[in-house]
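What follows is a short report on a single structure.
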Number of protein chains: 2
Amino acid sequence: MPAELRPSQALRLWHDVTFDLVRSDQPDLSSRQQAVLLTVYLEPPPHTVRGLARKLNVTKPAITRALDTMGRLGLLTRRRDEADRRNVMVQRTLEGALAVERLGDTIVARHRKLPL
Amino acid sequence: MPAELRPSQALRLWHDVTFDLVRSDQPDLSSRQQAVLLTVYLEPPPHTVRGLARKLNVTKPAITRALDTMGRLGLLTRRRDEADRRNVMVQRTLEGALAVERLGDTIVARHRKLPL
DNA sequence: AGGGATCGTTTCGGAGCCGAATTGTTAGGC
DNA sequence: GCCTAACAATTCGGCTCCGAAACGATCCCT
């Protein structure tokens, strides 16, 4: 567990990172899309539409749309589950991994610059 | 400056907090709206539409709309600058301060629970 | 007083996202 | 073989947001 973080520092961190995300010209994702993307890249597979919808407490079409959008952006892919062809597996992509990695670096950098 | 934060921890933190924001039933703000809200509450006043637009690298109408939406939610208010009536000052509200405070608490709580 | 610059807001057409309901496909029990 | 259940995708009408452009109000300078 990292050292203590004060609320004012936490807010400053959130502000700075959000700020970087907004200012960057890469297409900005909604909170839901961010949550989906990070879940796929941080939690162990497999990830299905149903599972993501239940976990995030949103409807299935919302997940389908988020996957459409982020698929168009190349951040992840879909693949049918051959074992049970009703299921769709959400898979990672190289480009998505890079984007997530960039986000991690941004957070670390902003965290490092936090004032005492 | 807080202790070092590893990229994997940073991403986990971002995921967890975003997750909480998405799951909570309070209306979710876009990244831009979050950036505006946090700027107003963290940076010293005064805050004008023009200034926020320039700082966030977005157009003025985008700021106007963000203020409309968040004003409707009670998160902040507008007031004309009496010294120069062309300007609009963006002001904090009690409700907005509470929302920001809650966000800070969420981040701190999620940060505290990060695995080594 | 007049003219130009600087505000914030509004309008416009277009694009994205929302939940509810429906559809098509597949799996599994009888 | 059928019927139901489960899954993802699609459709639908409605809402929000987008940037570019136009607009009205205000200030400042001469």
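For B:L13, state whether it is under 13 Å from the mean Cα position of the chain (by Cα), among the aliphatic types (A, V, I, L, M) and more than 13 Å from A:H15 (Cα to Cα).
When the stated conditions are applied, B:L13 does not pass them.
Could you list, in sequence order, all residues of the range A:29-51 that are more than 7 Å from every other protein chain (Cβ to nearest Cβ) and in contact (Cβ under 8 Å) with a residue 60 or more places away in the chain?
Within the range A:29-51, A:L37 is the sole residue that qualifies.
Residues are listed down the side, and each one gets a yes or a no for (1) more than 8 Å from every other protein chain (Cβ to nearest Cβ); (2) in contact with a Lys or Arg (Cβ under 8 Å, 6 or more places away or on another chain); (3) modelled with pLDDT of 95 or more; (4) within 12 Å of DNA strand D (Cβ to nearest atom):
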{"site": "B:L67", "(1), (2), (3), (4)": "yes, yes, yes, yes"}
{"site": "B:G74", "(1), (2), (3), (4)": "yes, no, no, no"}
{"site": "B:L94", "(1), (2), (3), (4)": "yes, no, yes, no"}
{"site": "B:G104", "(1), (2), (3), (4)": "no, no, yes, no"}
{"site": "B:R110", "(1), (2), (3), (4)": "yes, no, yes, no"}
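Please determine, by comparing only the residues of the range A:68-102 that are part of a helix (DSSP H, G or I) and more than 15 Å from A:P27 (Cβ to Cβ), which one is least open to solvent (accessible area, probe 1.4 Å).
Initially, the range A:68-102 is screened for residues part of a helix (DSSP H, G or I), giving A:68-72, A:94-102.
Filter again for more than 15 Å from A:P27 (Cβ to Cβ), leaving A:94, A:97, A:101.
Details: A:L94: 135, A:A97: 39, A:E101: 105 Å².
The selected residue is A:A97.
Can you tell me how many residues in the range A:34-45 are surrounded by fewer than 21 Cβ atoms within 10 Å (Cβ to Cβ) and within 15 Å of DNA strand C (Cβ to nearest atom)?
The total comes to 1.
Of all residues in the range A:1-37, count the ones that are more than 19 Å from B:S24 (Cα to Cα) and among the aromatic types (F, W, Y).
Residues in the range A:1-37 being more than 19 Å from B:S24 (Cα to Cα) and among the aromatic types (F, W, Y): 1 in total.
Which residue out of B:D28, B:D16 is open to solvent by 80 Å² or more (accessible area, probe 1.4 Å) and either more than 9 Å from DNA strand D (Cβ to nearest atom) or touching a helix residue (DSSP H, G or I) at 6+ places or on another chain (Cβ under 6 Å) (or both)? Quick ask: steps written out before the conclusion?
Working: B:D16 fails: open to solvent by 80 Å² or more (accessible area, probe 1.4 Å).
Answer to the selection: B:D28.
Condition first: basic (K, R), facing chain A (nearest Cβ under 7 Å) and farther than 14 Å from B:V100 by Cα. Can you find one or more residues in the range B:5-16 that meet it? Let's see the steps before the verdict.
Taking the range B:5-16 as the starting set, the residues that turn out to be basic (K, R) are B:6, B:12.
Now narrow it down to the ones that are facing chain A (nearest Cβ under 7 Å): B:12.
Remaining after also requiring farther than 14 Å from B:V100 by Cα: B:12.
Within the range B:5-16, one or more residues are basic (K, R), facing chain A (nearest Cβ under 7 Å) and farther than 14 Å from B:V100 by Cα.
Specify which of the listed residues (B:Q9, B:Q26) is assigned to a loop (DSSP other than H, G, I, E, B), in contact (Cβ under 8 Å) with a residue 24 or more places away in the chain and within 25 Å of B:L114 (Cα to Cα).
Details: B:Q9 fails: assigned to a loop (DSSP other than H, G, I, E, B).
The conditions single out B:Q26.
Kindly indicate the residue of the range B:52-65 that is open to solvent by less than 30 Å² (accessible area, probe 1.4 Å) and part of a helix (DSSP H, G or I) and also nearest to the other protein chains (Cβ to nearest Cβ) among those meeting that condition.
Selected residue: B:L56.
Is the range B:71-83 home to any residue that is of a type in the set (A, V, I, L, M), more than 24 Å from A:L38 (Cβ to Cβ) and touching a residue at least 40 places away in the same chain (Cβ under 8 Å)?
Step one: of the range B:71-83, the residues of a type in the set (A, V, I, L, M) are B:73, B:75-76, B:83.
Right, trim to more than 24 Å from A:L38 (Cβ to Cβ) and you get B:73, B:75-76, B:83.
Checking which are touching a residue at least 40 places away in the same chain (Cβ under 8 Å) leaves us with B:73.
Yes: the range B:71-83 contains one or more residues that are of a type in the set (A, V, I, L, M), more than 24 Å from A:L38 (Cβ to Cβ) and touching a residue at least 40 places away in the same chain (Cβ under 8 Å).
The values are calculated or read from the model by the stated rules, or taken from the named source; none is laboratory data. This one's a predicted model, so the numbers in the text were calculated from it and none came from an experiment. Backbone-built Cβ (ideal geometry, glycine too); neighbour counts: all protein chains shown. Surface areas here come from the heavy atoms of the whole protein model, side chains and all, with no ligands, DNA or RNA. Shrake-Rupley method; radii C 1.70, N 1.55, O 1.52, S 1.80 Å.
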